[in-house]
Amino acid sequence: MSDSLKLSVHQLVDFLLRSGDIDNRVFNRSSMTEGARIHASYQGSQGADYLSEYPLSQTFYINEIAVTLEGRADGIIETKNGDFIIDEIKTTVIPLKDFKDQNLDWHLGQAKCYGLMFCLEKELKGIGIQLTYIRQGKEKDKMIESFTFIREELEQYVYSLLEDYLNFYAIILRNLNDRTSSINTLNFPFEKFRKGQRSLAKYSYSTVKSEGSLFVEAATGIGKTISILFPTIKTLGEDENSKLFYLTAKTSGKESAYKAIEILKESGLCLNDIIITAKEKICFTKKCKCNPDECPFAKDYYNKIQTVLRYALLNYTTFDYTRIVSLAKDYEICPFELELDLSLFCDVIVCDYNYMFDPISYMKRYFDEDSSHFVALIDEAHNLVDRSRDMYSASVSEYEFIEARRSLRNIKNIKIKNQLRKIKKLFEELHNQYSDEYMVVSDFSLETFKVFTSFTNAYNDISKENHDLITTELTNFYLDVNRFMKIWELFSDRYIAFYLNRHDLISLNLRCLDASKFLKSILERVKSSIFFSATLSPMDYYKDTLGGDVENDPQVILPSPFSINNFLIMVAPKVSIKYKDREVSYSYVVEYINSFIEAKAGNYFIYSPSYEYMEKLTSLYQNDNVDIFVQQKDMDDIEKEEFLKNFKAKPERTTLGFLVIGGTFSEGIDLPNDRLIGAVVIGIGLPKINFESDRIAEYYKKQDKPGHDYAYLYPGMNKVMQAVGRVIRSETDKGAVLLIDERYMNRQYQDLFRDEWRNYKVVFNADEIKEEIKNFYKK
Ligand code: SF4
């Protein structure tokens, strides 16, 4: 058993002393942010004898285990007669007495820990403790509860807390011992390394050991997930406090991580892993109204969670969706909070990017604390460029506002109506000022700030006092405004602020053009990070936009391990898919598709440059000898799965999937062997010229970087590379790709061709396509 443990005061008291219900009317991101602001303002208003955010650390020995307790006291007051008082500040939206009565043990327990730690540091015989309660939105409303303790009382109390915690922690330590010993003897789970796997594993291991960053482009088929997970899990054995965050953009990424961990577990690995499912997907009520009045699973959550954690950690090591839902049902508690709480005791956390990078929904429990033992593995990292821009952008729309206002029309005397009237006035003034579709401004007005702030304050007030009056539409609008205010704090030259007037409805927009600085500041807090993808070219572009160091971060590029003879790639340059030429392209494209699929019955994907193009193409495409399935907008996970089932193994008849490039079927789709034998890519994947991409281009141009390439070319070609990557998934796959567009012959596109495309064939008409395909299958 390990003989030392580092623990924060928060971890200790939150685990042992918190009780009651989940109630996001009281505890939510907005009240936490507002709480932090009030904390800082209160601390700032204290005199010179007030020490704010005082860091404390003490080691306690319990049953031969050294427990180092760490934390920061909100304030330490030195009185005139040389005594000391620990000040613990708590803020809330509800009446102070209610808040204190519901949480006194928890709050006082925290302050007592700081009290003892300070007594030990200064060799004091006793200390005063003050709990300062402040009402949010009514900051003059304060309540102070005072206590005095002698050191022995505090010692008795804190030691008994630590003993309780260690009792539970015996389970964790047992798991930790199993983790270390299993990792020490863990071997690569396959008999031999595939081409490229050994070097990828080596680089990944040394990156974590040297606490650096690594950018990896590894073609499909190398087995990059296992090649990165295996060595990075190995490093967990050398640092008891370490955790891996496997961050993904899509469900498919989570599934590959889960499968790779399963394989390692079958080879003897013993650790706890968890897949975090989004709240809206796992919520039992599907409404995400997290309070005891509206959700039975919120009730008594904190009274039950200790028992559930003990049971779960004693009996299981893998926590996927099914396991979490089953545990939560058995104990009648919220599955979402359960997965977050369980993750604290897991070694590998598989989750969406936003749990680490989103400025609002990141996991505070990890990334507001010491993150220096964590390793971030960023899967399909090419997606993070756009995702991070989205995460750091926000908008408030008049449409959502109208919906919110309309939803309250039958509710009388709801205090927030006054604030909504002010917002209405704000939109009316904007209509008078702005009639163009886009209107860029240097910043939004102070008036906007005031109106939005008083709206969020009013919402927070009624959230607790008259929660049953709050409608879903009002909450949606509040969440938008709240996010907008948070993003506004980050506003800089990396942003544009603009009004958008569409269909006579105005929205206020803060669009992040470059999120690299934000990503960098998060990544600097973790020990190490590995960005990987099958398509991360050009590498300098990705390093630049993902917060890396273009000059110094190491990179690895691993080409496809599969035989080049199994892959035919053709470029058809006689047709232009430029926007202005599209009308004349359809008849050629139809002819090309028929030639492409003629030689062999099987499953093919046809990627169009847009929905508009796909609709026209499918309306023109007639072929009674094939089955056709067309991608629909906004397909959910089940519909996607059903769609893919149409592409069966051992097909006797040809099946065509008409899809949109860059859409849901362009990546993360694995149809091995003959479930997919070919793809036609129409166009070069570039987004249509648009306002926001133009602003991105301008932004980078100002920095002497190739703006157009950053905004259009690189993201576009990435989509093409991802689509092409669907065809060859294993050593036994054989397949062909046809790229249709004259621009593929241009140098700037050819420079981005992957190694395995170098032998591409140029085909000038349908007959040549037919001929090439026939020869390819004859080989
Ligand atoms: S089950 Fe849903 S509504 Fe209930 S607490 Fe959990 S997330 Fe909130």
Inset, instruction - Considering the options His467, Phe665, Val9, tell which one lies farthest towards the positive end of the dipole of the chain, charges being +1 on Lys and Arg and -1 on Asp and Glu at the Cβ, about the Cα centre. - result: Phe665
Inset, instruction - Report, in cubic angstrom per residue, the convex hull volume of the C-alpha atoms of segment 420-486. - result: 102 Å³
Inset, instruction - Mind ranking Arg323, Arg758, Arg389 by accessible surface for me, highest first, 1.4 Å probe? - result: Arg758, Arg323, Arg389
Inset, instruction - Enter the angle in degrees (range 0 to 90, nearest 10) between the Cα long axis of helix 96-122 and the first principal axis of the Cα atoms of the chain, meaning the one along which they spread out most. - result: 80 degrees
Legend entry - Cα-based reach from Lys417 at 20 Å (exclusive), listing aspartates and glutamates while leaving out same-chain residues under 8 positions away: Glu398, Glu400, Glu403, Glu428, Glu429, Glu447, Asp461, Glu465, Asp468, Glu473, Asp480
Legend entry - Degrees, to the nearest 10: 611-620 long Cα axis against longest axis of the chain: 30 degrees
Legend entry - Relative packing of peptides 53-63, 436-446 - highest average C-beta neighbours within 10 Å first: 53-63, 436-446
Legend entry - In nm, spacing of pseudo-spin labels at Ala36 and Lys287 (7 Å Cα→C-beta vector): 3.1 nm
Legend entry - Sequence-separation-based contact order of segment 185-309, relative, with Cα cut under 8 Å and 6+ spacing, percent: 23 percent
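Asn623 to Gln750: FRET efficiency via 1/(1 + (r/R0)^6), r the Cβ-Cβ distance, R0 35 Å, to the nearest 0.05?
Values: r = 32 Å, r/R0 = 0.92.
Efficiency computed from Cβ-Cβ geometry: 0.65.
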Legend entry - Vicinal HN-Hα couplings computed from phi for segment 753-759 (Karplus, 6.51 cos²θ - 1.76 cosθ + 1.60; Hz; Gly/Pro x): 4, 6, 3, 6, 9, 4, 8
Inset, instruction - At 0.36 nm per residue, minus the direct Cα-Cα distance, what do Glu238 and Thr475 gain on full extension? Give it in nm, one decimal, please. - result: 80.7 nm
Inset, instruction - Per DSSP H run of at least 4 residues, take -39500 (n - 2.57); add these up for the chain, divide by its residues and hand me the 222 nm value, nearest 500 deg cm²/dmol. - result: -13500 deg cm²/dmol
Inset, instruction - Calculate the dipole size of the chain relative to its Cα centre from +1 charges on Lys and Arg beta carbons and -1 charges on Asp and Glu beta carbons; express the result in debye to the nearest 20. - result: 1360 debye
Legend entry - Relative contact order of segment 426-498, pairs being alpha-carbon contacts under 8 Å that are 6 or more residues apart, as %: 55 percent
Inset, instruction - Restrict the search to segment 670-723; then list the trypsin sites (Lys or Arg not before Pro) that DSSP places in a loop and that have at most 10 other Cβ atoms within 10 Å of their Cβ. - result: Lys688
Inset, instruction - Write down the accessible area per residue of the chain in Å², having rolled a 1.4 Å probe over the full set of protein chains. - result: 44 Å²
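Arranged from highest to lowest average of other beta-carbon atoms within 10 Å per residue, in what order do the peptides 206-217, 493-504 appear? Before the final figure, lay out each step's value.
On the way: 206-217: 20.2, 493-504: 15.7.
The most tightly packed comes first, giving 206-217, 493-504.
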Legend entry - Label point distance in nm, Glu465-Ser492, each placed 7 Å from Cα along Cα→Cβ: 3.9 nm
Legend entry - Calculated from backbone phi, Karplus (6.51, -1.76, 1.60) coupling profile of segment 579-588 in Hz, x at Gly/Pro: 3, 6, 9, 4, 4, 7, 7, 4, 5, 5
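Across segment 724-773, how large is the tail of the calculated P(r) beyond 18 Å, expressed as a percent of all Cα pairs?
Values: 471 of 1225 pairs.
Value for segment 724-773: 38 percent of Cα pairs lie more than 18 Å apart.
Please list 270-278, 555-563 highest first by mean number of surrounding beta-carbon atoms within 10 Å per residue. Could the numbers behind the result be given before it?
On the way: 270-278: 21.7, 555-563: 18.3.
Put in order of decreasing packing, that is 270-278, 555-563.
Given N residues in segment 357-400, what is its alpha carbon radius of gyration divided by 2.2 N^0.38 Å? Don't skip to the answer; put the middle values down first.
Numbers: Rg = 13.9 Å, N = 44, 2.2 N^0.38 = 9.3 Å.
That ratio works out to 1.50.
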Inset, instruction - Pairs to check: Lys90/Lys138; Lys633/Lys688; Lys364/Lys486; Lys424/Lys486. Give those whose C-alpha atoms are more than 25 Å from each other in this structure. - result: none
Legend entry - Per-q log10 I(q)/I(0), the chain, q = 0.06, 0.10, 0.11, 0.12 Å⁻¹ (Debye; single scatterer per alpha-carbon; no solvent): -0.45, -1.18, -1.37, -1.52
Inset, instruction - Distance between Cα centroids, segment 380-412 to segment 284-314: provide it in whole Å. - result: 28 Å
Inset, instruction - Report, to the nearest 10°, how far helix 417-433 tilts away from the longest principal axis of the Cα atoms in the chain, using its own Cα long axis and a range of 0 to 90°. - result: 40 degrees
Legend entry - Under 14 Å from the Asp83 label point (7 Å along Cα→beta-carbon), backbone N, segment 92-128: 125-128
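Suppose R0 equals 51 Å. What FRET efficiency, 1/(1 + (r/R0)^6) with r the Cβ-Cβ distance, do Gln156 and Glu294 give to the nearest 0.05?
So the FRET efficiency works out to roughly 0.80.
Quote the relative contact order of segment 394-552 in percent (integer), defining contacts as alpha-carbon pairs under 8 Å separated by 6+ residues. Please report the intermediate quantities before stating the final value.
Values: 168 pairs, mean separation 49.6, N = 159.
Relative contact order comes out at 31 percent.
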Inset, instruction - Arrange the residues Arg18, Arg179, Arg29 by how much accessible surface each exposes, largest first, with a 1.4 angstrom probe. - result: Arg29, Arg18, Arg179
Legend entry - Solvent-free Debye scattering, log10 I(q)/I(0), computed from the Cα coordinates of segment 179-245 at q = 0.28 Å⁻¹: -1.35
Inset, instruction - With label points built 7 Å along Cα→Cβ from the Cα atoms of His10 and Asn418, find their separation and express it in nm. - result: 3.5 nm
Inset, instruction - Just flag the GluC sites (Glu not before Pro) in segment 708-779 sitting in loop per DSSP whose Cβ has no more than 13 other Cβ atoms within 10 Å. - result: Glu731
Inset, instruction - Provide the net charge surrounding Leu377, with neighbours chosen by a C-beta distance below 14 Å and charges set as Lys +1, Arg +1, Asp -1, Glu -1. - result: 0
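Could you check how much of the accessible area of the chain is carbon and sulfur, as a whole percent, using a 1.4 Å probe? Write out the running numbers ahead of the final one.
On the way: 16220 of 34450 Å².
Here carbon and sulfur together make up 47 percent of the probe-accessible area.
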Inset, instruction - Using Cα centres only, tell me the gap between segment 345-361 and segment 684-738 in whole Å. - result: 27 Å
Inset, instruction - Taking the Cβ of Tyr353 as the centre, find all other residues whose Cβ is under 14 Å away and add up their charges (Lys, Arg: +1; Asp, Glu: -1). - result: -2
Legend entry - Diffusion constant of segment 247-302 at 25 °C, which comes from Stokes-Einstein with the Kirkwood Cα-pair radius and 0.890 mPa s, µm²/s: 177 µm²/s
Inset, instruction - Please give the solvent-accessible surface of Glu262 in Å², to the nearest 10, using a probe radius of 1.4 Å with every protein chain present. - result: 60 Å²
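The values are calculated or read from the model by the stated rules, or taken from the named source; none is laboratory data. Everything quoted here is computed from the prediction, not taken from an experiment. Cβ: placed from backbone, ideal geometry, glycine included. Neighbour counts: every protein chain shown. Keep in mind that these areas ignore ligands, DNA and RNA; they rest on the heavy atoms of the full protein, side chains included. Shrake-Rupley method; radii C 1.70, N 1.55, O 1.52, S 1.80 Å.
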